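Data block below; observations after.
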Amino acid sequence: MVFETPRLILRRFTEADTGLLLQLNSDPEVLKYLHEPLLETEEQAMHVLQNIILPQYKNNLGRWAIHLKTSNEFIGWCGLKYRPELDEIDLGYRLMQQYWGKGYAFEAAKHTVDYGFNQLHLKTITGRAHIENTASLRILGKVGLQFIKEEVVDDCPVKTFMLSK
């Protein structure tokens with residue numbers, strides 16, 4: 001476990017989680033505003049785990065699996081990722097559709113920002129969302145990140161937010 005919130009447990013993914021990642025990233029609505037292809041096989045999910053998610057853990061960063069405390073049900077991920085091409089720490093979150101609109105993404109993101117500043121002693125956290133993803137844009141603002149600019153990142157038109165300690 002990385003940390004817990006009032007309703008959630010956030011933990012590191014393992015290679016045993018390929019099915020969970022496949023379930024999340026095979027939903028076209030979940031990936032609607034992202035530049036990522038849908039995952040269709042466990043092999044593709046394993047590739048994402050081994051090459052994108054797990055390597056971040058060596059820096060105590062990463063996308064962490066989110067589970068409900070009440071049922072231990074997997075609902076998505078949230079976390080901090082170092083993006084070397086931009087030299088920044090990126091806040092990200094992704095939930096399965098049935099958990100949208102319940103405040104889970106905000107709760108996970110807020111505690112992730114707090115964890116980043118208070119436990120990891122980060123100086124700045126950046127967050128981005130597609131310009132049409134109003135729910136995600138609202139979360140970035142609610143957790144305290146400030147709107148900086150509109151830009152195109154990873155071939156997506158986004159709004160960039162940032163918070164410095």
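The values are calculated or read from the model by the stated rules, or taken from the named source; none is laboratory data. Because the structure is a prediction, the values reported are computed rather than measured. Cβ placement follows ideal geometry from the backbone for every residue including glycine, while neighbour counts extend to all protein chains displayed.
For residues that are of a type outside the set (S, T, Y) and touching a Leu at 6+ places or on another chain (Cβ under 7 Å), scanning just segment 108-127, find the one that is surrounded by the most Cβ atoms within 10 Å (Cβ to Cβ).
Here is the first cut: in segment 108-127, the residues of a type outside the set (S, T, Y) are 108-111, 113-114, 116-123, 125, 127.
This time we only want the ones that are touching a Leu at 6+ places or on another chain (Cβ under 7 Å), so: 108-109, 113, 116, 125, 127.
Numbers: A108: 26, A109: 23, V113: 22, G116: 22, I125: 23, G127: 28.
Among residues in segment 108-127 that are of a type outside the set (S, T, Y) and touching a Leu at 6+ places or on another chain (Cβ under 7 Å), the one surrounded by the most Cβ atoms within 10 Å (Cβ to Cβ) is G127.
Let me confirm something: among Y104, Y93, which residue is buried (at least 20 other Cβ atoms within 10 Å of the Cβ), under 22 Å from L39 (Cα atoms) and modelled with pLDDT of 95 or more?
One residue alone meets the criteria, Y93.
Could you list, in sequence order, the residues of segment 76-90 that are surrounded by 23 or more Cβ atoms within 10 Å (Cβ to Cβ) and touching a residue at least 60 places away in the same chain (Cβ under 8 Å)?
Selection gives W77, C78, G79.
Here is a check on your reading of the model: is I148 without any contact (Cβ under 8 Å) to a residue 24 or more places away in the chain, over 27 Å from R11 (Cβ atoms) and in contact with a strand residue (DSSP E or B) (Cβ under 8 Å, 6 or more places away or on another chain)? Full working, then the answer.
Values: without any contact (Cβ under 8 Å) to a residue 24 or more places away in the chain: yes; over 27 Å from R11 (Cβ atoms): yes; in contact with a strand residue (DSSP E or B) (Cβ under 8 Å, 6 or more places away or on another chain): yes.
When the stated conditions are applied, I148 passes them.
Within segment 81-91, identify whether any single residue is of a type in the set (F, W, Y) and over 20 Å from T5 (Cα atoms), and answer yes or no. If you could, list the steps in order and put the result at the bottom.
Here is the first cut: in segment 81-91, the residues of a type in the set (F, W, Y) are 82.
Now restrict to residues that are over 20 Å from T5 (Cα atoms): 82.
Scanning segment 81-91 turns up at least one residue that is of a type in the set (F, W, Y) and over 20 Å from T5 (Cα atoms).
Only one residue in T70, T160, T126, T112 is in contact (Cβ under 8 Å) with a residue 12 or more places away in the chain and in a loop (DSSP other than H, G, I, E, B), so which one is that? Full working, then the answer.
Working: T160 fails: in a loop (DSSP other than H, G, I, E, B); T126 fails: in a loop (DSSP other than H, G, I, E, B); T112 fails: in a loop (DSSP other than H, G, I, E, B).
When all the criteria are applied, what remains is T70.
Among all residue pairs at least 6 apart or on different chains, which show Cβ distances below 6 Å where the first residue, located in segment 27-48, is under 27 Å from G101 (Cβ atoms) and touching a residue at least 12 places away in the same chain (Cβ under 8 Å) and the second is outside any loop (DSSP other than H, G, I, E, B) and of a type in the set (V, I, T)?
Listed by first residue and then by second, the contacts come to A45/T18.
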